Structure formats: C-alpha cells, structure tokens
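S.K.: First, the structure itself, so that you have it in front of you.
What follows is calculated from the coordinates using simple rules that are stated; it is not laboratory data. Please read all numbers here as calculations on a predicted model, not as lab measurements. Cβ: placed from backbone, ideal geometry, glycine included. Neighbour counts: every protein chain shown.
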Amino acid sequence: MRKQLLSIAAGLMGVTLTAQAALPESVIQESFFPYKNGGPDVAEIKPGMAINAGNVDQFVAYLDPATYMFIKRGDYEITVGETTSFDLHESYVEATRQFAGQAKLGARTGEIDAPGAGRPFPQEPSLDDPRAGEKLAWNYKFGYNWGDSAAIKPFYWKMRDMESGKVERTFKMNFNFLNFARRTAQDPHPEIQPNPSALFRATYVQVLEPFDVKNTQLLVQKFQDDLKNDNAYLYLGFQRRVRRLSSGQTTDAFLGTDIMIEDFEGYNGRISDMKWTYKGTQWMLSPMYNHNDMPLAKEHQEDDGYQFIDFVGKGGCFPNITWQLRKTHVLWSEPVDPNHPVGRREHYIDAQTFIIPRNITYDRNGSMWKSWTIGQSHPDHHLPINKGTGVAIDDSFSMVDIQANHCTTGQFKGIVDPKLSPASKFTVQQLRAAGR
C-alpha cells in the first residue's frame, strides 16, 4: 500500500510539474495561427497594388531598407499579394504544445535544454528580455524549414552582371536536407537511429552542370550540441578526393557565386557564432506567394510540366512574384569572431513559419553589402506531392551584392519526399561513391 501511495504521489507531482511548465493554448494559437481572424488591416496596402519608385515613400514603414532602396532607385517594383496562412504541419504544432514552457537557455550563447521537438520558445518575444534574440534564433534553427527532409531536384543558380543583365554562368545542382533529430512528421521520429555522432541536421549538395565543376559535392553536418563546430566536407570532381573545410571557409564565395555556405537558408551557422539582438516585431512586406499563380519562366521546363519562377528588374536580379504583408520579427546577428567578413546581418523572420525570407548583410565598416531574398511558396499551390506537408517551400532566391553590382539568382524545384533523402546520402562515404 505504501508503495502504491508513493507511486500515486510521484505521478501527481509529475502532473503538477507538467502543468506548471505548460503554456496557455492562446500562446500556441498566436505563435502558429496569427491570421486565423484574417490578415492585417492596413488601409494603405491592398492586394493587387503595385509599389514602385513613384509611390514607395508611402510604404517605407512596411519595407526593409534594401528592398526600399531597390524600389526607390527603379531597380525593382513589387505587386502586393493577399496575406495567407502558411500553416505548419500539425505534428510540429502538437510537439510544440506538448513541450511548451520546458526549453531553457544555458549560461552561454549556444547552450540550450530543449526536450522533445517543436518550437522551443513559442511565446511572443519581448524587448525587455535581453536574450529574446537568442530565443528567436533557436526557434529558427529548430524550425520546420523543409520539414524533416526534402530535396531540390533540380536547382538552377545563375551568376549575373547587374548592369548589363548578362548571365555569366549557370549551375544545375541537387540539394538534399535531412533532420536526424527533433523529427515530428516523417518516420522515424523523434530521431533517426543509430546516430552515434548525435547529428541534428545535414545538407548534401551535388553539382550536375557545367562540366568543369560537375560532381562537385558538399556535405554539411550540424550537431545537436551547438558548441561543436559543424563538419563540412567538399568533394572536387576533378581531383577525385574529399577534403574537410575549415570553419572559416564557410564564409568564402561558394563556387565563385555571391553566396557563402553560411548564407544557406537564411543562416547556416551556429547559434554560438553570433550575438543575437531582437529589434522588434512589425507588419512587413515579405516574398511569400502561391507558385502556381505566378507568371512562370519558359526556360528549364521539366518533363512533368513544372515551370520555375522567373526573374525581372535590373539585371534580371529580382524574382517575379507577389509580396504579402506579414507579421515579422526583426533580428540582428553580429559575429563574435572579429575576423569574420560580415559586420552584421539583419534577419526579417516570418513570425508564423520562422523561415527567413529576407536578410541584409552589412560589411565590417557598417555599409550595406548584400541583399538576400528567399521567395516562399505555399505548399498547397506548388507540386501535388507537397500539398498538405505544412512546409513553406523555398522557391526562388536572389543574392544581390550591392557593392559589386552583381547578383546570383536561384530557381527551385522543391520536393517534400522522404525517399529522396535517405540517411546514407549524408555521409563522407557517399561523397566518394557518388564521385566515382
């Protein structure tokens, strides 16, 4: 009887602790469903209107500084689309609900105790919280970008002279992504086993064209322990060997483009590599849209009829898409390494999905250097296989080097299909096997 009473008491204590840790359902609803009662009521911005050099000053409050600059000087104009809800997969929302209130930051930036899965800090950020920026960074890292796994097959990158519009070089690649831990939707979950290195996520890249860099491969392995340096490996087809990249090489120009490995997906470094500062939340125009409703490109058409996003504006450096007015968290990151080439990045994070559709990079002198746009398509208005996945599909990108008057653009065919990204693809052995 005594053992039974102790067991019941322990169980009640567990229930009490869980109840104390849990957050109100209203917090979950605000975090994941900010548009459940409709879009923002901003009288001066309506779907279908064009924002161009002639009227952009009226909308400066809803634009990031780089986008405002491009429109003001006539490099680009945007059309406003209807604000729509990009609902994440219900399994990710439920995981957040289950473990809400349990995540805790450690003493040092990059340390976290976040059991389970889902969004570790679904509460609204506060300017009074000195670590609010770090919490937003963790929400991004542990977010649902590409879900548990996905592939981009194919992925076209074009290097362009912004003044002449000349396409200098075109790369055709495949990208694959896989979460090893904190999985919620695809089997197995919550973690792929065995996972002896305690990996969190991995990215694999294979270059298909042009011939001189064909079969160049990149593998980036990120650990669950953010304080551990990522593993990054490069296979050079013409050398037929794998070499390990130093942490400094992730800030080099990848394949001579305007993009660093650290730029991938909005930010591909460690939380511990940066000082994070939350700057506020506001309504901002963001490059999010329905792929199937856009005026699509005629080039690179796929056998299944899929067409890619087209590019317009100065040099053909800007995606031909609509922009939605959305709730946006503004987050600054500043490298802790004084030798880092970046002075700071301004991340404009979508508050519903925690993807990063817009970044501005400043150099170490504080001058605007690069503008990074990642256009996001709703999954239900893209390839049929993506419908219902709850993944905001990376669908177009533009990295403009403002100082060099140059850009690199990207056209995606994103596919959420676990069969395309088995764990065996994310190994050094795979680099060698694929390179033969």
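S.K.: Taking the DSSP beta bridges in the chain as the whole, what percent of them are antiparallel, to the nearest 5?
M.R.: 95
S.K.: Residue by residue through the stretch 236-249, what is 3J(HN,Hα) from phi via Karplus (6.51 cos²θ - 1.76 cosθ + 1.60, θ = phi - 60°)? Round to whole Hz and write x for glycine and proline.
M.R.: These are the phi-based 3J(HN,Hα) values: 9, x, 6, 9, 6, 8, 9, 10, 7, 8, 6, 4, x, 6 Hz.
S.K.: Testing the spin-label approximation: label points 7 Å from Cα along Cα→Cβ at residue 236 and residue 363. State their distance in nm.
M.R.: Label-label distance for residue 236 and residue 363, simple model: 2.7 nm.
S.K.: Moving on to the next point. Go through 142, 78, 308 and say which Cα lies farthest out towards the positive end of the charge dipole of the chain; charges sit on Cβ, +1 for Lys and Arg, -1 for Asp and Glu.
M.R.: Comparing the listed Cα positions along the dipole, 142 ranks first.
S.K.: Right, next: Starting from the Cα gyration tensor of the stretch 326-404, take the square roots of the eigenvalues, sort them a ≥ b ≥ c, and report rounded, prolate or oblate (rounded when a/c is under 1.5, otherwise prolate if a/b is larger than b/c, else oblate).
M.R.: Details: a/c = 3.06, a/b = 2.17, b/c = 1.41.
Taking the square roots of the gyration eigenvalues as a ≥ b ≥ c, the stretch 326-404 is prolate.
S.K.: Mind running the shape call on the stretch 153-202? Use the C-alpha gyration tensor, a ≥ b ≥ c as the square roots of the eigenvalues: rounded below 1.5 for a/c, prolate if a/b tops b/c, oblate otherwise.
M.R.: It is prolate, given that a/c is not under 1.5 and a/b is the larger ratio.
S.K.: For the residues 291, 340, 406, what sequence is obtained by ranking on other C-beta atoms within 10 Å, fewest first?
M.R.: Details: 291 25, 340 17, 406 20.
By the 10 Å Cβ count, ascending: 340, 406, 291.
S.K.: Arrange 31, 424, 149 by Cβ neighbour counts within 10 Å, fewest through most, would you?
M.R.: 424, 31, 149
S.K.: Using the structure shown, list the pairs from 228/275; 36/327; 141/222; 228/279 with a Cα-Cα distance above 19 Å, or answer none.
M.R.: Listed pairs above 19 Å: 228/279.
S.K.: Of the peptides 203-213, 159-169, how do they stack up when ordered by the mean number of other Cβ atoms within 10 Å, highest first? The partial results should precede the final answer.
M.R.: Numbers: 203-213: 16.9, 159-169: 14.9.
Peptide ranking by packing, descending: 203-213, 159-169.
S.K.: Let me ask something else about it. If you place +1 on the Cβ of every Lys and Arg and -1 on the Cβ of every Asp and Glu, how big does the dipole about the Cα centre of the chain come out, in debye to the nearest 20?
M.R.: Rounded to the nearest 20 debye, it is 1380 debye.
S.K.: Let me ask something else. If you find the alpha carbon centre of the stretch 188-263 and of the stretch 55-127, how far apart are they in angstrom?
M.R.: 26
S.K.: I've got another one for you. Residue farthest toward the positive end of the dipole of the chain, with Cβ of Lys/Arg at +1 and Asp/Glu at -1: which of 391, 196, 162?
M.R.: Among 391, 196, 162, the one farthest towards the positive end of the dipole of the chain is 196.
S.K.: Starting from the alpha-carbon convex hull of the chain, give the projected area averaged over all orientations, in nm².
M.R.: The orientation-averaged projected area of the Cα hull of the chain comes to 23.1 nm².
S.K.: Quick one: which residues, 5 or more positions from residue 180 or on another chain, have an amide H under 5 Å from its amide H? H modelled 1.01 Å from N in the peptide plane, none for Pro or chain starts.
M.R.: When sequence neighbours closer than 5 places are left aside, the close amide H contacts are 201, 202.
S.K.: Ok, one more. If the reach is capped at under 16 angstrom between alpha carbons, list the lysines near residue 172, excluding any in the same chain fewer than eight residues apart.
M.R.: 153, 158, 214, 413
S.K.: Once you put a point 7 Å from the Cα of residue 404 and another 7 Å from the Cα of residue 72, both along the Cβ direction, what distance in nm separates them?
M.R.: If labels sit at residue 404 and residue 72, their model points lie 2.5 nm apart.
S.K.: Which order, highest average first, do 351-360, 379-388 follow once you tally other Cβ atoms within 10 Å for each residue and take the mean per peptide?
M.R.: Packing order, densest peptide first, comes out as 351-360, 379-388.
S.K.: Additional query: Residue 78's amide H: which non-local residues (gap 5+, or another chain) put their own amide H closer than 5 Å, with H modeled 1.01 Å from N in plane and none for Pro or chain starts?
M.R.: Long-range HN contacts for residue 78: 51.
S.K.: Count the net charge of all other residues whose Cβ sits under 12 Å from the Cβ of residue 99, scoring Lys and Arg as +1 and Asp and Glu as -1. Let's see the in-between values first.
M.R.: Numbers: positive: 97, 104, 119, 182; negative: 94, 113.
So the surrounding residues net to +2.
S.K.: What percent does the relative contact order of the chain come to when contacts are Cα pairs within less than 8 Å and at least six residues apart?
M.R.: 18
S.K.: Report the calculated FRET efficiency for residue 304 and residue 253 (r = Cβ-Cβ distance, R0 = 41 Å), to the nearest 0.05.
M.R.: Efficiency, rounded to the nearest 0.05: 0.80.
S.K.: In sequence order, what are the phi-derived ³J(HN,Hα) couplings for the stretch 39-51 according to the Karplus relation 6.51 cos²θ - 1.76 cosθ + 1.60 with θ = phi - 60°, rounded to whole Hz, with x for glycine and proline?
M.R.: x, x, 9, 10, 4, 7, 10, 10, x, x, 7, 9, 10
S.K.: Name the aspartates and glutamates eligible as straight-distance cross-link partners of residue 298: C-alpha to C-alpha under 18 Å, and not fewer than 8 places from it in the same chain.
M.R.: Residue 298 reaches 310, 395.
S.K.: Select from 188, 115, 196 the residue whose mean-square fluctuation is largest in a Gaussian network model of the chain (Cα-Cα springs shorter than 10 Å).
M.R.: In the Gaussian network model the winner is 196.
S.K.: Right, something else. Compute the length gained on full extension between residue 36 and residue 84: take 0.36 nm times their separation in residues and subtract their Cα-Cα distance, giving the result in nm to one decimal.
M.R.: Contour length minus the Cα-Cα distance gives 16.3 nm.
S.K.: Pull out a ≥ b ≥ c, the square roots of the eigenvalues of the alpha-carbon gyration tensor of the stretch 150-264, then state rounded if a/c is under 1.5, prolate if not and a/b is larger than b/c, and oblate in the remaining case. Don't skip to the end; give the middle numbers.
M.R.: Details: a/c = 2.04, a/b = 1.79, b/c = 1.14.
Verdict is prolate for the stretch 150-264.
S.K.: Still on this structure, please answer the following. Pop a pseudo-label 7 angstrom from the Cα along the beta-carbon direction at both residue 337 and residue 296 and give the gap in nm to one decimal.
M.R.: Each label point is offset 7 Å from its Cα along the Cβ direction, giving 4.0 nm.
S.K.: Still on this structure, I have one more. Rank the residues 394, 226, 187 as a footprinting-exposure proxy: fewest other Cβ atoms within 10 Å of their Cβ go first.
M.R.: On the way: 394 25, 226 22, 187 8.
So the ranking, lowest neighbour count to highest, is 187, 226, 394.
S.K.: Let me ask something else. With θ taken as phi - 60° and the coefficients 6.51, -1.76 and 1.60, list the Karplus ³J(HN,Hα) couplings across the stretch 211-217 in order, rounded to whole Hz; mark glycine and proline as x.
M.R.: Each residue of the stretch 211-217 in turn: 4, 5, 10, 4, 6, 5, 10 Hz.
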